[in-house]
Every structure is written in C-alpha cells, then in structure tokens.
1. Looking only at the range 52-83, which residues are closer than 27 Å to GLN112 by Cβ and surrounded by 18 or more Cβ atoms within 10 Å (Cβ to Cβ)?
2. For the range 122-138, name all the residues that are without any contact (Cβ under 8 Å) to a residue 40 or more places away in the chain, hydrophobic (A, V, I, L, M, F, W, C) and in contact with a helix residue (DSSP H, G or I) (Cβ under 7 Å, 6 or more places away or on another chain).
3. Pairs please, first residue from the range 87-111 and closer than 20 Å to LEU61 by Cα, second anywhere and among the acidic types (Asp, Glu) and in a helix (DSSP H, G or I), Cβ atoms under 8 Å, 6+ apart in sequence or on different chains.
4. Taking the conditions exactly as written (free of Cβ contacts under 8 Å to residues at least 60 places away in the same chain, polar (S, T, N, Q), surrounded by fewer than 12 Cβ atoms within 10 Å (Cβ to Cβ) and within 30 Å of ALA33 (Cβ to Cβ)), does SER117 satisfy them or not?
5. Give me a count of the residues in the range 36-50 that are part of a helix (DSSP H, G or I), over 12 Å from ASN97 (Cβ atoms) and free of Cβ contacts under 8 Å to residues at least 24 places away in the same chain.
6. Does GLN49 fit the bill of being within 12 Å of the chain's Cα centre (by Cα) and surrounded by 11 or more Cβ atoms within 10 Å (Cβ to Cβ)?
Amino acid sequence: TLVTFLHSSAWSEHDEAYQLRAAELRVISERMAKYALRAVSGSKSSFSQLQSSRATFDKLLGELKEGDSEIGLPPSPPTAMTKLKPLESGWLILRKNVDDILVNKDAIISVQEFIGSISELVPQLNTLAKQAVDAMLDSEADKRQITIASEQLMLIQRIDNSVRRVLD
C-alpha cells in the first residue's frame, strides 16, 4: 500500500543518511590520525585541523545516536545502537588523546622549536670542538685535556642523535 511504500522509502533515505555519516566517520578518523602525528611533530596548522576534525566527529557520532531534527533524521534504530556503543567507547579513548594533544599545543610547539635550535647548534659545536682539539694537539697540551676535549665531540654527537630520535 501507499503508506507502507512511504514508510519504506523514508527508512531507505534514513539508511542512506546513516551510511553517509558512518563513511564520513571513517574518513575523519583517518584524517585525525594524520593531523595528530603532524601536531605532535610541531606542525602548527595541524592543531586547528585536528580540533576541527574532533568537532566534526563528535557531531556526526551524535547525529547517528540522537538523529538530526534539522533534516528529519531520527536516532539510529536499536539494532544499530548496539553497534554504535563500541564505536563510542573507542572514540572516548581516542578523544582524550586528541584533547591531550590540543591542550598541550604550546608545550609541543616549544619543545619542537627547542629541538630545532639544538639541531642548528650541533654542527657549530662540532666544528668548535674539533678546532679546540686540533689547537690542543698543535700546542702539545696535556693528553688528559685532549682526551676530555675529544670526549666532548662524542657527547655532542650523542646529543644530536638523541634529539633526532625525539623528532622521529
């Protein structure tokens, strides 16, 4: 009958809307992972992209759970709600991690800038330390002092390696 057809047609449209939101959630979750990695690496623009993605994910998940009255989309049916529960639980864990990144934006950027400064200074320190060792050798300085100066070269290299590991 006409009523059955209209009811079936409405649910078909709702199913499309639910599927569209679920597909968008997948895409946004992948983007958030990318933005989070970039943000913790110090990319300033990634913080706003991460924040925007978090808000969009929240909105879409809310629409799946509670519907969207603006477009006449009812809440997901009970059978779908059981599948949304694990998604929501996983999202709450991920959202906390995203929130932690966003809250610590200034510290993350400061650390990355500090690491950049260290990386820029290491070649200069290496050059100066080598010059100091060479000058000590030329002036036949005490062997213990030459050894200490040579160890400084090794320590500078260790600092550089450690800083590079933080960036990776």
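The values are calculated or read from the model by the stated rules, or taken from the named source; none is laboratory data. Every value quoted in this text rests on a predicted model; they were computed, and no experiment measured them. Every residue, glycine among them, receives a Cβ derived from its backbone with ideal geometry; neighbour counts consider all protein chains shown.
1. The answer is SER53, ARG54, PHE57.
2. LEU125, ALA129, ALA132, VAL133, MET136, LEU137
3. Here the result reads ARG95/ASP58, each pair linking the range 87-111 to a residue that is among the acidic types (Asp, Glu) and in a helix (DSSP H, G or I).
4. For SER117, the condition - free of Cβ contacts under 8 Å to residues at least 60 places away in the same chain, polar (S, T, N, Q), surrounded by fewer than 12 Cβ atoms within 10 Å (Cβ to Cβ) and within 30 Å of ALA33 (Cβ to Cβ) - is met.
5. Counting residues in the range 36-50 that are part of a helix (DSSP H, G or I), over 12 Å from ASN97 (Cβ atoms) and free of Cβ contacts under 8 Å to residues at least 24 places away in the same chain gives 5.
6. yes
Residue-by-condition table, conditions (1) closer than 20 Å to TYR35 by Cα; (2) modelled with pLDDT of 90 or more; (3) surrounded by 14 or more Cβ atoms within 10 Å (Cβ to Cβ); (4) in contact with a helix residue (DSSP H, G or I) (Cβ under 6 Å, 6 or more places away or on another chain):
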| site | (1), (2), (3), (4) |
| --- | --- |
| VAL103 | yes, yes, no, no |
| GLN112 | yes, no, yes, no |
| GLU140 | no, no, no, no |
| SER150 | no, no, yes, yes |
| ILE156 | no, no, yes, yes |
